[in-house]
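One structure is given below, encoded as structure tokens.
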Amino acid sequence: MKLARLPFAAVLLTAVLGACGGEPPSRAPDAASVPTGSKTALERNAADANRLVGEGTDDLKARLAALKGHPIVVNQWASWCGPCRAEFPYFAEAVRRHGDRVAFVGVNYMDSREAAQAFLEEQPPGFASVYDRDGEAARAIGGGRAMPTTLFIGRDGHEHVKLGSYADAAELETDIRRLLLAPEGSS
């Protein structure tokens, strides 16, 4: 499947200038959902693993901005999505393998908060997820068109969107290595 490239700056600019398509701004992120302090950005992000942190586009953008300069994998998922459930173990394995150099963030898409949290407890992926009740956060970063969707953001801000699920852990591993860990200029 061919991966689309979207400029990271355009995504951030949309959030700042467009106020998410005219929606009123969401509440400010709580202190726990925006990584700060003496730990590295990756460590702060990982500290929120396996739970819902924040809600909506503003909180997702804040989390991604805090991770700017690091390779990032964003997985759009829902508890009601069979393919999402099937690929969660692949992401958990990828987090164990690459979590010290790649940030992983989830976007819980159009789900109930209770079902999402129960699923995270049942099948912990190793990453934090922003709750996206209306789907606007996912759409703001190129998601919302297929379930699941995975967004790869390189250190340089280049983005690649994969629509649909991963068939196995090896396919996800190939994309992480090719899109995020390959030497610059080789992907």
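When you scan region 162-184, how many residues do you find that are in contact with a Ser or Thr (Cβ under 8 Å, 6 or more places away or on another chain), over 18 Å from residue 97 (Cα atoms) and surrounded by 20 or more Cβ atoms within 10 Å (Cβ to Cβ)?
1
Residues being touching a helix residue (DSSP H, G or I) at 6+ places or on another chain (Cβ under 6 Å), surrounded by fewer than 19 Cβ atoms within 10 Å (Cβ to Cβ) and not polar (S, T, N, Q): count how many of those fall in region 100-129.
Going through region 100-129 one residue at a time, the tally reaches 1.
Suppose we filter region 52-78 for residues that are surrounded by fewer than 17 Cβ atoms within 10 Å (Cβ to Cβ) and assigned to a loop (DSSP other than H, G, I, E, B); how many remain?
Looking only at that region, the number is 2.
Being within 21 Å of residue 180 (Cβ to Cβ), touching a Gly at 6+ places or on another chain (Cβ under 8 Å) and among the aromatic types (Phe, Trp, Tyr): is that true of residue 88 here?
no
Tell me, yes or no, whether region 143-152 has at least one residue that is over 15 Å from residue 86 (Cα atoms) and touching a Pro at 6+ places or on another chain (Cβ under 9 Å).
yes
None of the figures in this text is laboratory data; all of them are computed from the coordinates on show. Bear in mind that the values here come from a model prediction, so they are computed numbers and not experimental data. With ideal geometry, Cβ positions are generated from the backbone for all residues, glycine too; neighbour counts draw on all protein chains shown.
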